[in-house]
Amino acid sequence: MNERVYNRGVDPLRSPERVARLEVKRVVDNCLVDKNIVSILDVGTGSGLFAEEFFNRGLVVAAIDPNPEMITATQNILPDIDIRKASAEDIPFENNSFDLVFMGLVFHEVDDYSKVINEAYRISQKEVSILEWEYLEQDFGPPLKHRLKSSFIEELAEKAGFKKVEIIKLTNLILYKLFK
């Protein structure tokens, strides 16, 4: 099993401390600067924390996750969204299916970064937002060896065909907005 993949169950993902650290509302606000975004795919949805916030904002939300436990947890919270068991490397949706593809703290866990960013490009009509840990040692989150440098993500985005990358530094995280 990939040692970078989170596997400690659903409950810790929704702890009040973690939710506050992730700045969920601020992240979603930054993802929705373009008022024309109406549909979103939450890749690696986990417990559906971000999917729930997008849904509560009136968006059409779909989600994928490779872990059946996470799918069940998200279905319990959001029973009316399209959620499928799938990996970020093989997204089961047609080209340009969503205005926005969102990856919340999942990109560092994937096996093939290039394949994932190309899949996200294929699925998105407008943009991809990647929320990741800052590349520095912190008392929370994954160890430094599992974190990604901004330059690495920017290089992948350029190779995938994105025309612009915006980097938004949050309190504990970084939001990368990749524009087609």
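The values are calculated or read from the model by the stated rules, or taken from the named source; none is laboratory data. Quantities reported herein were computed from a predicted structural model and do not represent experimental measurements. Cβ placement follows ideal geometry from the backbone for every residue including glycine, while neighbour counts extend to all protein chains displayed.
Before moving on, here are some points about what is shown:
- The one condition from (1) under 13 Å from the mean Cα position of the chain (by Cα); (2) surrounded by fewer than 16 Cβ atoms within 10 Å (Cβ to Cβ) that D42 does not meet is (2).
- Residues satisfying the stated conditions in region 115-144, i.e. surrounded by fewer than 22 Cβ atoms within 10 Å (Cβ to Cβ) and of a type in the set (S, T, Y): Y121, Y135
- Single condition G58 does not satisfy, out of (1) part of a helix (DSSP H, G or I); (2) surrounded by fewer than 24 Cβ atoms within 10 Å (Cβ to Cβ): (1)
- Annotation: M70 fulfils all but one of (1) touching a residue at least 60 places away in the same chain (Cβ under 8 Å); (2) surrounded by 23 or more Cβ atoms within 10 Å (Cβ to Cβ); (3) in contact with a strand residue (DSSP E or B) (Cβ under 8 Å, 6 or more places away or on another chain); the unmet one is (3).
- Residue count for region 98-110, restricted to those that are touching a strand residue (DSSP E or B) at 6+ places or on another chain (Cβ under 7 Å) and part of a loop (DSSP other than H, G, I, E, B): 2
- Looking only at region 155-180, residues that are part of a helix (DSSP H, G or I), of a type in the set (D, E, K, R) and in contact (Cβ under 8 Å) with a residue 12 or more places away in the chain come to 1 in all.
- Residue check for I37: out of contact with any His (no Cβ under 8 Å at 6 or more places or on another chain), closer than 28 Å to T171 by Cβ, at pLDDT 95 or above and assigned to a loop (DSSP other than H, G, I, E, B): yes
- Subset tally (residues that are assigned to a helix (DSSP H, G or I), modelled with pLDDT of 95 or more and of a type in the set (K, R)) for region 122-154: 1
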